[in-house]
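Taking it in order: structure first as structure tokens, then the write-up.
The values are calculated or read from the model by the stated rules, or taken from the named source; none is laboratory data. As the structure is a prediction and not an experimental result, all values here were calculated from the model. Cβ sites come from the backbone with ideal geometry, for glycine too, and all protein chains shown count toward neighbours.
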Amino acid sequence: MLIAKVIGTTVSTIKDEMLAGRKLLILRQTDETGAAFGKPYVAVDTLDAGIGDLVLTAHGSSGRQTAITKNSPVDAVIMAVIDHLEVGGKVAYRKE
Amino acid sequence: MLIAKVIGTTVSTIKDEMLAGRKLLILRQTDETGAAFGKPYVAVDTLDAGIGDLVLTAHGSSGRQTAITKNSPVDAVIMAVIDHLEVGGKVAYRKE
Amino acid sequence: MLIAKVIGTTVSTIKDEMLAGRKLLILRQTDETGAAFGKPYVAVDTLDAGIGDLVLTAHGSSGRQTAITKNSPVDAVIMAVIDHLEVGGKVAYRKE
Amino acid sequence: MLIAKVIGTTVSTIKDEMLAGRKLLILRQTDETGAAFGKPYVAVDTLDAGIGDLVLTAHGSSGRQTAITKNSPVDAVIMAVIDHLEVGGKVAYRKE
Amino acid sequence: MLIAKVIGTTVSTIKDEMLAGRKLLILRQTDETGAAFGKPYVAVDTLDAGIGDLVLTAHGSSGRQTAITKNSPVDAVIMAVIDHLEVGGKVAYRKE
């Protein structure tokens with residue numbers, strides 16, 4: 001899984017029928033302190049994550065293992081909202 | 001999923017029989033403003049997307065979860081045409 | 001799918017029994033004009049593609065969706081031989 | 001599989017129900033000597049690995065092939081704790 | 001599939017039970033001449049490949065399509081030992 005920050009939302013009228021009602025958020029991968037890098041990607045949100053939250057995203061067929069994403073053409077899902085990350089015995093990130 | 005821009009079309013006479021009648025478009029990944037970067041890739045279009053449209057593409061086995069791509073040797077599919085993207089409370093991209 | 005150019009062939013006596021009689025070609029990814037870049041990879045050819053041809057390759061489990069590659073330990077297959085590519089309303093590549 | 005070093009832990013209250021009770025560790029890929037590089041990723045630990053351990057991680061659908069990760073939205077799992085690595089006839093890494 | 005060179009071995013006492021008795025080799029991807037580049041990865045060997053051999057590795061779920069790797073948490077397998085590679089009408093690599 002990747003550590004990522006929720007940075008935005010997408011709106012699409014024309015989409016695969018399996019996606020009706022799904023929330024698709026824009027994320028950027030971060031390091032263990034929550035610092036974002038790289039280009040944005042989009043994941044289905046099943047946990048009501050908010051803008052600015054640090055989350056874990058599962059990719060590929062693993063992204064279809066939730067009740068909401070089963071059999072959908074989605075390849076990334078938010079599987080957890082991070083409370084805190086600990087590295088080297090210290091808190092590297094804590095949700096505000 | 002990746003945010004990508006439709007930039008072109010492919011024509012192939014010799015192809016796997018499962019692909020007969022499928023529209024294969026050329027795309028380039030973009031950032032959240034619609035600016036393209038990186039090398040082109042090809043995805044099946046099931047939504048009648050047009051050249052210049054910003055779309056979301058699902059990859060890997062997730063690309064085979066639509067009625068049209070099921071059991072086909074395709075690993076990328078256009079799953080949504082983007083109306084607009086919102087980042088940091090502002091519209092970062094809007095379809096013209 | 002990736003756009004790629006066929007650049008060579010592989011010969012292996014010792015291989016998984018599911019690969020007996022399979023043609024394994026060496027390819028390099030190209031851009032939309034057919035210009036190759038990056039390191040070579042190997043894909044199963046089920047379409048009798050020739051050296052120099054531009055092709056589309058499907059990857060991952062999608063590479064096992066053809067009659068020939070089913071249940072084989074292969075993760076890339078040539079799914080189409082490209083006739084031409086059109087970008088920006090112009091022909092970017094045409095097979096000779 | 002990738003060679004990786006365990007560098008930290010994650011804590012999440014809000015998560016997919018299939019992840020209840022799962023230990024999610026932060027790792028960084030290493031070379032054959034155990035030197036870390038690149039950005040962190042997160043994997044499920046089923047082997048009680050410790051901080052500082054060098055491990056092997058399996059990715060994608062292969063990460064769901066353990067008794068603990070089956071049917072979960074996880075795409076990386078620690079499948080082995082490395083005792084030592086041998087390269088060029090010499091021990092390149094040995095667990096302390 | 002990737003062209004790769006076998007450079008070493010791994011030893012792990014603590015591992016997933018599905019891996020008991022499996023040989024896990026360290027590889028580095030190579031180009032078509034056998035020149036290695038990039039960081040090492042680990043694949044299951046089912047063909048008794050030797051150190052220094054050039055091999056083809058299949059990745060992802062395709063790595064679980066051999067009799068030995070079925071249902072195992074492994075995402076890369078050696079599927080062929082290369083005898084020679086031919087590029088541009090010339091032998092680019094030949095096994096010694």
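The number of residues in region E:63-80 being within 7 Å of another protein chain (Cβ to nearest Cβ), among the β-branched types (Val, Ile, Thr) and part of a strand (DSSP E or B) comes to 1. Is it the case that some residue within region B:26-49 is hydroxyl-bearing (Ser, Thr, Tyr), touching a residue at least 40 places away in the same chain (Cβ under 8 Å) and buried (at least 21 other Cβ atoms within 10 Å of the Cβ)? So far as region B:26-49 goes, no, none of its residues is hydroxyl-bearing (Ser, Thr, Tyr), touching a residue at least 40 places away in the same chain (Cβ under 8 Å) and buried (at least 21 other Cβ atoms within 10 Å of the Cβ). Identify, by number, the condition in (1) in contact (Cβ under 8 Å) with a residue 24 or more places away in the chain; (2) part of a strand (DSSP E or B); (3) more than 14 Å from chain A (Cβ to nearest Cβ) that D:Val91 doesn't meet. Among (1) in contact (Cβ under 8 Å) with a residue 24 or more places away in the chain; (2) part of a strand (DSSP E or B); (3) more than 14 Å from chain A (Cβ to nearest Cβ), D:Val91 violates only (1). For region B:1-42, the tally of residues that are at the interface with chain C (Cβ under 7 Å from one of its Cβ atoms) and of a type in the set (D, E, K, R) stands at 3. When restricted to residues that are out of contact with any Gly (no Cβ under 9 Å at 6 or more places or on another chain) and assigned to a loop (DSSP other than H, G, I, E, B), region C:2-58 contains 19.
Scan region C:62-78 and give yes if some residue there is modelled with pLDDT under 95, in contact with a strand residue (DSSP E or B) (Cβ under 9 Å, 6 or more places away or on another chain), farther than 20 Å from B:Asp16 by Cα and not basic (Lys, Arg), otherwise no. No, region C:62-78 contains no residue that is modelled with pLDDT under 95, in contact with a strand residue (DSSP E or B) (Cβ under 9 Å, 6 or more places away or on another chain), farther than 20 Å from B:Asp16 by Cα and not basic (Lys, Arg). Number of residues in region D:60-88 that are surrounded by fewer than 24 Cβ atoms within 10 Å (Cβ to Cβ) and either in contact (Cβ under 8 Å) with a residue 40 or more places away in the chain or touching a Phe, Trp or Tyr at 6+ places or on another chain (Cβ under 7 Å) (or both) equals 5.
Evaluation of C:Gly60 against the conditions (1) at positive phi; (2) more than 7 Å from chain B (Cβ to nearest Cβ) shows that the sole unmet condition is (2).
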